[in-house]
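> Input: one structure, supplied below.
The values are calculated or read from the model by the stated rules, or taken from the named source; none is laboratory data. Here the structure is a predicted model, which means the values were calculated and not measured. Heads up, the Cβs are rebuilt from the backbone with ideal geometry, glycines too, and the neighbour counts pull from every protein chain shown. Surface accessibility is based on the protein's heavy atoms, side chains included, excluding ligands, DNA and RNA. Shrake-Rupley method; radii C 1.70, N 1.55, O 1.52, S 1.80 Å.
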Amino acid sequence: MQNNTFSTLFVGQNLIKLLEVDSTNNFLKVLVSNSEPLTEGTVIMADKQFAGRGQQNNVWHAEPGLNLTFSIYLKPSFLPVSRQFLLNMAVSIGIRNALGLFVKDGARIKWPNDIYYGDQKMGGVLIENILSGATYKASIIGIGINVNQVHFDPKQLKKATSLREILQQDVNLIELLAEICSHIEKQYLQLKSGNYSQLMEDYVNGLYKFNEPAAYRQNGEVIEGRIIEVTQSGLLGVLTNGTLKHYNFKEIEFLNHTP
């Protein structure tokens, strides 16, 4: 445990730094499974992850010591399991708002939970929920942000970027972590208050390709449409030829060109 000067109530107040770990999410899951209670808001931060994961078991590659790779432990027992995507929204908004302090008018959320700058990926989120029946026991939120890395493997991360590439200067990792923890906590408390409509509005207003004509691939076919909503359950609403259709994860692919 390490005491911090984070200006938060609980997120990041218990910060555990590791030199190397398979993944911060896995490490945190082990802590949660132990009999000793874990403080909500605990953050596990690692210089190097040798088995970092993204959505759908994709591999997340980050050069050691140059980026933020960390996990947050939350206990959203107040949230109905059927609305668990709202937690995703709150976390994504928090990250986007924190990054907005560094890159003005640039950071966007790419549905469901990647962080983009322009058409390039800057980070991502992997949320793993632990349920007890129909209620939350815990939520482990893994976050990876490209910060000071400038070399990327094109086979693994196509069109990736980092704060260093955008700003042309290094960014202090702990200062950035403090901002992200603070902004996630703010959105999490808003979620806890039940203000779902404001969260949903903030999420779509900062969404990559929101209400813009764009090309997508669906069932092997290229379609043209506009994203006009994301439902509470996380479905993406795309208006195509006057018809609104909803898609789940991996049912639609973004194509980086306009129709």
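> Using a probe radius of 1.4 Å on heavy atoms only, what accessible surface per residue do you get for the chain? Whole Å² is fine. Please report the intermediate quantities before stating the final value.
Details: 12320 Å² over 259 residues.
Solvent-accessible surface per residue comes out at 48 Å².
> Which label belongs to the value computed from this structure, given these candidates for Kirkwood radius over Cα pairs in Å: [x] 19.5; [y] 20.1; [z] 18.8?
Correct label is [z].
> Could I ask something else about it? To the nearest 20 debye, what is the magnitude of the charge dipole of region 198-246 about its Cα centre, counting +1 on the Cβ of each Lys and Arg and -1 on the Cβ of each Asp and Glu?
Charge dipole, region 198-246, about its Cα centre: 140 debye, nearest 20.
> Okay, next question. What's the magnitude of the charge dipole for the chain around its Cα centre, counting Lys and Arg as +1 and Asp and Glu as -1 at the beta-carbon? Answer in Debye, nearest 20.
Values: 23 positive and 24 negative charges, 68 e Å.
Value, rounded to 20: 320 debye.
> Which of the aspartates and glutamates could a cross-linker bridge to Lys250, judged by Cα under 18 Å and excluding same-chain residues fewer than eight apart?
Asp114, Glu128, Glu221, Glu224, Glu229
> While we're here: Once neighbouring chains are kept in place and the probe is 1.4 Å, which whole percent of the accessible area of the chain is contributed by carbon and sulfur? Show your work: numbers first, answer last.
On the way: 5640 of 12320 Å².
Carbon plus sulfur share of accessible area: 46 percent.
> Below 12 angstrom from the Cβ of Tyr247, what's the summed charge of the other residues (Lys, Arg +1; Asp, Glu -1)?
Net charge in that neighbourhood comes out at 0.
> Mind giving me the nanometre distance, one decimal, between the label points for Val30 and Lys48, set 7 Å out from Cα along Cα→Cβ?
My value for the distance between the label points is 1.7 nm.
> Determine, from the Cβ-Cβ distance of Leu255 and Val150 and an R0 of 22 Å, the FRET efficiency 1/(1 + (r/R0)^6), rounded to the nearest 0.05. Could you put the intermediate results ahead of the total?
Numbers: r = 26 Å, r/R0 = 1.20.
Efficiency computed from Cβ-Cβ geometry: 0.25.
> Taking a 18 Å limit on the Cα-Cα distance, which of the listed pairs Lys121/Lys192; Lys17/Lys137; Lys48/Lys137; Lys17/Lys48 fall beyond it?
Numbers: Lys121/Lys192 29 Å; Lys17/Lys137 24 Å; Lys48/Lys137 28 Å; Lys17/Lys48 11 Å.
Pairs exceeding 18 Å: Lys121/Lys192; Lys17/Lys137; Lys48/Lys137.
> Another one. If you take every residue apart from Gln84 with its C-beta less than 15 Å away from the C-beta of Gln84, what net charge results, scoring Lys and Arg +1 and Asp and Glu -1?
+3
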